[in-house]
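The values are calculated or read from the model by the stated rules, or taken from the named source; none is laboratory data. Quantities reported herein were computed from a predicted structural model and do not represent experimental measurements. FYI the Cβ positions are ideal-geometry reconstructions off the backbone, even for glycines, and counts take in every protein chain you see. Side chains are part of the model used for accessible areas, which takes the heavy atoms of the whole protein and leaves out ligands, DNA and RNA. Shrake-Rupley method; radii C 1.70, N 1.55, O 1.52, S 1.80 Å.
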Amino acid sequence: MSTQATEEEVEAVQEEIRRIGFRPFINPGVERKVIAVLGELNVQKADLVDHFQVMPGVARVELISDLWKLASRSYHPEGTVIDVRGVKIGARDVVVAAGPCSVESESQTIELAHQVKSAGAKLLRGGAFKPRTSPYSFQGLGEEGLRILAQAREETGLPVVTEVMDTHEVDLVCRYADVLQIGTRNMQNYALLKKVGATGHPVLLKRGLGSRLRDLLMSAEYIISEGNHQVILCERGITTFEDSTRNTTDINAVPVLKDWTHLPVMLDPSHATGNSRYVESISKAAVAAGADGLLIEVHNDPAHAMSDGPQSLTPEVFYDLMQRVRKVAEAVDRSV
Ligand code: PEP
Ligand code: MN
């Protein structure tokens, strides 16, 4: 819409979009009002550019050729900044979320929360519902784990990121979490994506281990098209023929996603490498490549962790990593 468009003109355009059988979607948080027109295009509807172009208040009609419309940078040229209890993701600060793979006990989680906070982490991560490859592995503490995370937030002020695996648990997890994590195995669980899209909660959407970036963006589109535009994307390594590390970090994902979408991009060097020895290198590479945040596993006793010990850093190693990541951030005009 033109910057002088009146409320009535904006409403009339939306009404016309609905009349024709499409869905209007107004982009929040931008100065100029952009109305996305969503729906299936058919022969009768194919020639509507001219139709809308002449309506009062319309500045320009553009076809977004990307398959992801609302996630596309052409729809929303400025980067989206997501505010999680005052922590801004997608702004100048590179935001680090750190904590254990799994919440194991109250004392462990609270102590780790204090430690990662003093090292500079801005968010606390920890799994209460765990997607494990084997049904015989530790499955997480469930609601008790969520309660512990909320307690750790209470004591440290760190907002909480935690995974939700099942549509039936979304409401429960929302009562405790600040950011809903969708794990790699659920990236294409469309029922779950729609359900988290219907909440007002920020979502951390992890890339599927065998998914292309275009598939990741289509999954983000599911969430946004339900009305929730607070989506953070996360590269966490993909499966390749290379077996020297647990997964292969697709560092290309960072600049490509920053190009294709306005959504903030984080990188998880812990799952991407599966090896604590390489977490610092990949953290620095991610920040140098333009990532808006990191998701890092930290454990007080990695050798005895109930999940992902080999890739978990001790709080001391994490502290040192943060000092060096900060220098890389400064080199690319960011801060940590
Ligand atoms: C996790 O963050 O602990 C996790 C299970 O991640 P992913 O879904 O990327 O494997
Ligand atoms: Mn893990």
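In segment 283-330, the qualifying residues are those that are more than 16 Å from ligand 1 (Cβ to nearest atom) and closer than 15 Å to C234 by Cα, and the one that is nearest to the chain's Cα centre (by Cα) is D292.
Among D268, D259, which is open to solvent by less than 40 Å² (accessible area, probe 1.4 Å) and among the acidic types (D, E)? Explain how you work it out, then say what you get.
Details: D259 fails: open to solvent by less than 40 Å² (accessible area, probe 1.4 Å).
Only one candidate qualifies: D268.
Considering segment 10-29, and only residues there that are charged (D, E, K, R) and within 14 Å of V58 (Cα to Cα), the residue that is least open to solvent (accessible area, probe 1.4 Å) turns out to be E16. The residues of segment 271-308 that are within 16 Å of ligand 2 (Cβ to nearest atom), open to solvent by less than 30 Å² (accessible area, probe 1.4 Å) and in contact (Cβ under 8 Å) with a residue 60 or more places away in the chain, listed by number, are H271, L294, L295, I296, E297, V298, H299, A305, S307. Within segment 252-261, does at least one residue satisfy the condition of being within 28 Å of W68 (Cα to Cα) and within 15 Å of ligand 2 (Cβ to nearest atom)? Within segment 252-261 (the criterion being within 28 Å of W68 (Cα to Cα) and within 15 Å of ligand 2 (Cβ to nearest atom)), the answer is no, since none of the residues qualifies. May I ask you to list the residues in segment 206-238 that are more than 16 Å from ligand 2 (Cβ to nearest atom), in contact with a Leu (Cβ under 9 Å, 6 or more places away or on another chain) and open to solvent by less than 10 Å² (accessible area, probe 1.4 Å)? Within segment 206-238, L216, L217, S219, A220, I223, I224, V231, I232, L233 meet the criteria.
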